[in-house]
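The values are calculated or read from the model by the stated rules, or taken from the named source; none is laboratory data. If you're wondering where the values come from, they're calculated on a predicted model, not measured in any experiment. So basically every Cβ, Gly included, is an ideal-geometry build from the backbone, and we count neighbours across all protein chains shown.
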């Protein structure tokens with residue numbers, strides 16, 4: 001079991017105790033990578049992942065440091081001698097990664113890292129002792145600080161992406177998180193090394209994708225992946241939609257529309273400003289939720305935007321009058337995303353969410369065309385989608401705004417936005433009325449009251465009761481039993 005303490009140490013305390021350990025054992029440890037970069041940018045995190053470099057025996061040192069800090073040791077990479085110390089509390093988790101120099105010296109190690117802005121170091125003892133003057137001890141052989149000031153990502157050496165192909169995606173993550181530009185030579189290096197992404201584990205790719213999707217510049221990164229041939233490797237189900245005409249109703253081809261949907265979601269999810277004021281805070285909180293650690297609903301919505309029309313190429317049909325149809329593409333698409341779910345090693349919950357969002361992404365549009373949105377329709381929608389309902393609505397809205405672009409009917413969009421807000425309002429503000437009404441009777445009670453055997457008939461009756469309750473047609477247990485009895489009687493008459 002992972003050791004825990006009631007209150008988390010501060011990063012300064014963690015580093016001080018680590019420095020004490022190093023001093024007691026005669027070790028020279030160096031702070032490297034993102035911690036130094038973020039310190040220079042003034043964006044150090046309260047719950048950090050800190051990288052330390054040492055001349056050798058990193059795994060043995062990490063084991064000893066874990067015991068000293070009361071944390072847990074994890075071997076990350078035996079071949080590169082990289083170990084992790086996890087210091088966990090009831091409220092927080094901090095990580096300290098230790099690795100051997102990637103060469104005979106610290107300077108050689110820094111020269112083998114990914115980007116120059118991550119290739120700076122400070123002796124740990126100097127950081128702890130020098131307080132606000134640690135910058136005087138900065139080791140910066142590749143001029144990373146200058147690149148940091150110019151907000152530029154420059155590769156440490158030409159083979160950086162071949163050494164670790166995941167650095168391609170990390171580069172885009174840094175670019176979108178920090179609002180940096182890629183150096184002019186970087187895209188070509190990425191393109192040349194892109195085929196090597198096939199040897200990177202799905203878990204590592206997944207984590208970088210979600211980190212990108214968590215930002216408000218995901219569409220820029222996805223567009224770059226598309227232009228560099230990276231998207232075809234990450235999402236091999238998508239290239240079939242490239243240059244596929246969708247007819248006059250769409251202003252983009254299938255893949256272009258999917259990319260534009262991600263762009264619309266970037267804009268929409270950044271502040272929810274197009275929605276009425278009462279909805280903005282609950283929508284923001286909903287999208288911040290992480291059903292799986294470090295992977296938010298916001299990220300899942302953008303992944304669904306990318307995949308929502310993946311079933312179109314296989315279902316495309318051209319009618320004699322020239323109209324283009326994609327009948328059933330949502331069902332076929334839901335089956336196609338199984339490949340992505342497996343490849344990205346998504347959890348069972350995430351896999352169900354992605355499949356559900358692709359399968360039901362058209363449904364809000366159908367509801368938006370109804371003359372009136374009934375409580376029964378609202379209940380059925382959230383019964384089928386559960387807590388994925390708001391995600392489906394936001395996916396549909398991004399899809400809707402990406403469909404016609406400048407050809408959109410403004411009046412129709414306003415009407416559909418009102419319907420969208422009606423559904424979102426039901427979920428956030430009236431859940432017990434039409435979304436999740438409190439159950440009046442359970443299956444066992446219903447079987448007992450009507451002398452019914454266990455079986456599918458009980459489930460059918462319970463669903464009918466729930467729908468009637470959501471409509472406001474019944475409010476008591478006795479009314480629920482009476483409805484079930486009348487449904488059974490009607491079924492018996494029909495059989496006769």
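Residue check: residue 372 meets all listed conditions (1) under 17 Å from residue 261 (Cα atoms); (2) not in a helix (DSSP H, G or I) but one, namely (1). Evaluate the following for residue 430: is it on the phi > 0 side of the Ramachandran plot and either buried (at least 18 other Cβ atoms within 10 Å of the Cβ) or modelled with pLDDT of 85 or more (or both)? The answer is no for residue 430.
Among residues of the range 83-109 being in contact with a helix residue (DSSP H, G or I) (Cβ under 7 Å, 6 or more places away or on another chain) and closer than 22 Å to residue 140 by Cα, the one that is surrounded by the fewest Cβ atoms within 10 Å (Cβ to Cβ) is 103.
Let's see how each residue does on (1) crowded, with 20+ Cβ neighbours inside 10 Å; (2) more than 30 Å from the chain's Cα centre (by Cα); (3) within 23 Å of residue 17 (Cβ to Cβ):
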site: 111; (1), (2), (3): no, yes, no
site: 117; (1), (2), (3): yes, no, no
site: 122; (1), (2), (3): yes, yes, yes
site: 129; (1), (2), (3): no, yes, yes
site: 133; (1), (2), (3): no, yes, yes
site: 148; (1), (2), (3): yes, no, no
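Condition test on residue 404, is it at pLDDT below 90 and surrounded by 15 or more Cβ atoms within 10 Å (Cβ to Cβ)? It is true that residue 404 is at pLDDT below 90 and surrounded by 15 or more Cβ atoms within 10 Å (Cβ to Cβ).
Residue 87 meets each of the listed conditions (1) under 30 Å from residue 182 (Cβ atoms); (2) touching a strand residue (DSSP E or B) at 6+ places or on another chain (Cβ under 7 Å); (3) outside any helix (DSSP H, G or I) apart from (1). So for the range 437-445 (the condition being within 35 Å of the chain's Cα centre (by Cα) and either modelled with pLDDT of 90 or more or buried (at least 17 other Cβ atoms within 10 Å of the Cβ) (or both)), does at least one residue qualify? For the range 437-445, residues within 35 Å of the chain's Cα centre (by Cα) and either modelled with pLDDT of 90 or more or buried (at least 17 other Cβ atoms within 10 Å of the Cβ) (or both): present. Of note, residue 113 satisfies the criterion of being touching a helix residue (DSSP H, G or I) at 6+ places or on another chain (Cβ under 9 Å), within 25 Å of residue 63 (Cβ to Cβ), in a loop (DSSP other than H, G, I, E, B) and modelled with pLDDT of 95 or more. When you scan the range 40-48, do you find a residue that is touching a strand residue (DSSP E or B) at 6+ places or on another chain (Cβ under 9 Å) and buried (at least 19 other Cβ atoms within 10 Å of the Cβ), even just one? Checked against the condition, which is being touching a strand residue (DSSP E or B) at 6+ places or on another chain (Cβ under 9 Å) and buried (at least 19 other Cβ atoms within 10 Å of the Cβ), the range 40-48 yields no hits at all. Residues that are without any contact (Cβ under 8 Å) to a residue 60 or more places away in the chain, in a helix (DSSP H, G or I), within 12 Å of residue 487 (Cβ to Cβ) and touching a helix residue (DSSP H, G or I) at 6+ places or on another chain (Cβ under 7 Å) within the range 436-470 comprise 446, 450, 458, 461, 462, 464, 465, 468, listed in sequence order. A Cβ distance below 7 Å, combined with a sequence gap of six or more or placement on separate chains, defines the contacts here; from the range 233-250, residues that are without any contact (Cβ under 8 Å) to a residue 60 or more places away in the chain reach residues that are part of a loop (DSSP other than H, G, I, E, B) in the pairs 242/253; 243/253. Would you say residue 102 is under 20 Å from residue 16 (Cβ atoms), part of a loop (DSSP other than H, G, I, E, B) and at pLDDT below 95? No; evaluated as a whole, the condition is false for this residue. If the condition is being under 27 Å from residue 206 (Cα atoms) and surrounded by fewer than 17 Cβ atoms within 10 Å (Cβ to Cβ), then the range 307-321 contributes only 314. Filtered by the rule that a residue be loosely packed, with under 14 Cβ neighbours inside 10 Å, assigned to a helix (DSSP H, G or I) and in contact (Cβ under 8 Å) with a residue 24 or more places away in the chain, the range 257-306 gives 270, 278. If only residues of the range 347-369 that are over 30 Å from residue 418 (Cβ atoms) and in contact with a helix residue (DSSP H, G or I) (Cβ under 7 Å, 6 or more places away or on another chain) are counted, the one that is surrounded by the fewest Cβ atoms within 10 Å (Cβ to Cβ) is 351.
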